[in-house]
Amino acid sequence: MARKNSKKRMTEDQEFQIMKLVLDKFLWLGFIVMGWGMYTSINDSSVLPGLWYMIAGAVLLFIFMIIIIKEYEVWR
């Protein structure tokens, strides 16, 4: 016998916990890019290429933050 509504809905707390896990992964990605920029700027003779990586990592973090917040607001 099959049920029509066998899917369970998540609570707001469960949705928020999942959003935090996803956001954590994006934060790690941005941190890795910024860390690579720091490593590049320390090992190179010029600081500018590493600085560009660090700026790109910060922009990446900012874009991911906006996307996650917008998606979380749509779910509510």
Of all the residues that make up the stretch 1-34, how many are part of a loop (DSSP other than H, G, I, E, B) and at pLDDT 85 or above?
0
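Considering the stretch 7-27 alone, what residues qualify as being among the hydrophobic types (A, V, I, L, M, F, W, C) and loosely packed, with under 10 Cβ neighbours inside 10 Å?
21
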Being in a loop (DSSP other than H, G, I, E, B) and either at positive phi or exposed (fewer than 11 other Cβ atoms within 10 Å of the Cβ) (or both) is the filter here; which residues of the stretch 35-50 pass it?
45, 46
Residues located in the stretch 59-68, provided they are free of Cβ contacts under 8 Å to residues at least 40 places away in the same chain, within 30 Å of residue 13 (Cβ to Cβ) and open to solvent by less than 80 Å² (accessible area, probe 1.4 Å)
60, 61, 66
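The values are calculated or read from the model by the stated rules, or taken from the named source; none is laboratory data. Remember, it's a predicted structure, so these values are computed and weren't measured experimentally. Ideal geometry is used to build each Cβ from the backbone, glycine not excepted, and the neighbour counts take in all protein chains shown. The area values use the complete protein model at the heavy-atom level, side chains included, leaving out ligands, DNA and RNA. Shrake-Rupley method; radii C 1.70, N 1.55, O 1.52, S 1.80 Å.
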